[in-house]
Amino acid sequence: MKKEAFFCAAVFSSHMVLQREKAVEIFGAGRAGSRVTVTIDGCHAQSAVKESRWCVKLPPHSAGGPYTMAVTDGTDTFTFTDVLFGEVWLAGGQSNMEFELQNCKGGRAELTACQNDQLRFYNVGKCANQNEELLESERKNCWRVSSEKACADVSAVAYFCAKKLQKELQVPVGIIDCYWGGTSISCWMPKEQLMRSLAGRRYIDVFQEQVGSTTDEEFERDMQAFQIKIDAWNDRVKQCRAVDPDISWAALSERCGACPWPPPIGWPSPYRPAGLYETMLQRVMPYTIRGFLYYQGEQDEDYCKDYGEMMLYLIAQWRADWHDEALPFLFVQLPMYAAKEEYDKGLDNGRWCILRQKQQWVCRFVCGTAMAVALDCGELDNMHPTNKEPVGCRLALQALQKVYGFPVKADGPVCTGCRPEGHSLRAFFAHTGGFLQLKGPCGSAFETAGEDGRFFAAQAQVQGQTLLLTAAKVPMPCQVRYAWKNFAQTPLYGAENLPAAPFCR
């Protein structure tokens, strides 16, 4: 890019959705001493270029369009057509947010019916380093109108969430997709933020130790070899899914072989702490949005006890970057997962339980957050379950209720307490919708313990909005827990068929 050039940030293009009913920030780079004017639907706004940057704030505008937007510095002009005002959300995280619509359960059929002018997506280019490749990726990128061709590689979770929001709100909905599979939470925060805490510094120190003396050249060589292997594996998976779109993970693994993961470690890696914050997230901030959608945490299993603290830092950082400390932050609680080999041996390290517990803690104590429970959407031996529609729809329910004020049920049963009753234990619940229900076998989903803290599988009996739990090996129960394993049955639902959150009381 030439010095002193005038341009808009790459996230601004024809077919974009601008946030309704908020002052909208249009930004980019420009020539010193010039002024930038933005015009749309008869509205004009200006701002001076300062230190080669400019940001023009448009006054709030109601939902509607299409409009034409012109951005000029008096010498050059950019014109964007088919611009809508509506609701805009940023979807972030790792592979389960990244999981593409074309690969999810029912995705192929959904693509044939996804044509919708009121639904649009912008996928932030996946670039690990700030170089010409990143700039070239941005030059080719643009907003897409929902169609079979345009939506194949968008986030399935974000798509289903946006689809439901658009249907219920009856306004345009835009999604900014910004994610990368296999990334830890540390990838999405600046180094300065990570260095402020022991938890954050631990990510940097461990990564440095893993890199060791590996040079950038050695990493690039190893990465090229890895890319050949992973591309070949992905091609085999694609071919299998083309024949059988709903093929199970077990069958895929048998036919395609084990996924060649993890990739090499080096400082140019996209998995380095703070890396993608700089090369992806910063490229679109602070595009005016309604809030954040987030699905991440699988890669932080080794740091599970710090995850709640790290989420606090992430939420605060993103809200500060978007100049709004109250921006809604909606996220997905991790589903059930365990490697089959460990599950068959009865091994369970409990780390995913801790991650879910930390996510619940964040939802409870951080204002403006909401959590979509996805326990029942997990698959044994598959960290990337394919049933993404319920996950996206549950995120949409959280938004409809807690952000837009719709009178909908968004939460499944939540245990509020328990009390002993003879040789049994009665558990009480909120958000039942009127009654509880058990769908499918319980297995060891419910457990009780006495004062010694040793938990044993318990039988569960629904009695209205309560559960009566009994375990032969626990004659004097005083504690109860549900779905407190990395992978277990998840039979408990409320009247609205929303799953209960895991609990330990």
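Using alpha carbons only, the radius of gyration of the chain set against its Kirkwood radius gives Rg/Rh = 0.99. DSSP bridge analysis restricted to the chain gives an antiparallel fraction near 70%, rounded to the nearest 5. Tell me, rounded to the nearest percent, the portion of alpha carbon pairs in region 418-465 spaced more than 13 Å apart. For region 418-465, the share of Cα pairs beyond 13 Å comes to 65 percent.
Label region 1-149 by shape, choosing from rounded, prolate and oblate, from the square roots a ≥ b ≥ c of the eigenvalues of the Cα gyration tensor; if a/c is under 1.5 it is rounded, and otherwise prolate applies when a/b is larger than b/c, oblate when it is not. Verdict is oblate for region 1-149. Of the options Cys415, Ser147, Phe329, report the single residue whose Cα projects farthest towards the positive end of the charge dipole of the chain (beta-carbon charges: Lys, Arg +1; Asp, Glu -1). About the Cα centre, the residue reaching furthest to the positive side is Cys415. Ranked by the mean number of other Cβ atoms within 10 Å of their residues, highest first, the peptides 120-129, 45-54, 285-294, 152-161 come out as 152-161, 285-294, 120-129, 45-54.
Would you please put 404-410, 429-435 in order of how densely packed they are, using the mean number of other Cβ atoms within 10 angstrom per residue and starting with the highest?
The densest-packed peptide leads the list: 429-435, 404-410.
A straight chain from Thr81 to Val408 at 0.36 nm per residue would run longer than the Cα-Cα distance by 114.2 nm.
In the chain, a dipole from Cβ-located charges (positive for Lys and Arg, negative for Asp and Glu) runs towards its positive end, and of Gly212, Val391, Gln437 it is Gln437 whose Cα lies farthest in that direction. When Lys and Arg each count +1 and Asp and Glu each count -1, what net charge do the other residues less than 11 Å away from Ile265, Cβ to Cβ, add up to? Net of charged neighbours comes to -2. Here region 311-452 carries DSSP beta bridges of which approximately 65% are antiparallel, counting only pairs with both residues inside.
A Cβ-based charge dipole, computed about the Cα centre of the chain with Lys and Arg at +1 and Asp and Glu at -1, lands at about 1140 debye.
Ranked by the mean number of other Cβ atoms within 10 Å of their residues, highest first, the peptides 85-92, 317-324, 340-347 come out as 85-92, 317-324, 340-347. Estimated purely from DSSP H runs of n ≥ 4, each contributing -39500 (n - 2.57), the mean residue ellipticity at 222 nm for the chain is -8500 deg cm²/dmol once divided by its residues. Which angle between 0 and 90 degrees, to the nearest 10, do you get for helix 307-321 versus the longest principal axis of the chain when only C-alpha atoms count? Its long axis makes an angle of about 20 degrees.
Computed extension gain for Leu347 through Val462, at 0.36 nm per residue and net of the alpha carbon distance, reaches 38.4 nm.
Taking Cα atoms only, the orientation of helix 216-243 departs from the longest principal axis of the chain by about 70 degrees. Note on region 1-149: lysine pairs with Cα distance below 24 Å, sequence gap of 8 or more or different chains, count 11.
A simple spin-label model places pseudo-atoms 7 Å from Cα toward Cβ; at Asp246 and Ser444 they are separated by 3.1 nm. With the simple spin-label model, which puts each label point 7 Å out from Cα in the Cβ direction, the Ala109 to Met476 separation comes to 5.5 nm. Among the protein heavy atoms, those of Arg221 account for about 140 Å² of accessible surface (1.4 Å probe, every chain in place). Charges were assigned to the Cβ only: +1 to each Lys and Arg, -1 to each Asp and Glu. The resulting dipole of region 347-505 about its Cα centre is roughly 300 debye.
The values are calculated or read from the model by the stated rules, or taken from the named source; none is laboratory data. Bear in mind the structure is a predicted one, so any value in this text is a computation, not a measurement. Note that we place each Cβ from the backbone using ideal geometry, even for glycine, and neighbour counts take in every protein chain shown. Quick note on the areas: whole protein, heavy atoms, side chains included, nothing else; ligands and nucleic acids left out. Shrake-Rupley method; radii C 1.70, N 1.55, O 1.52, S 1.80 Å.
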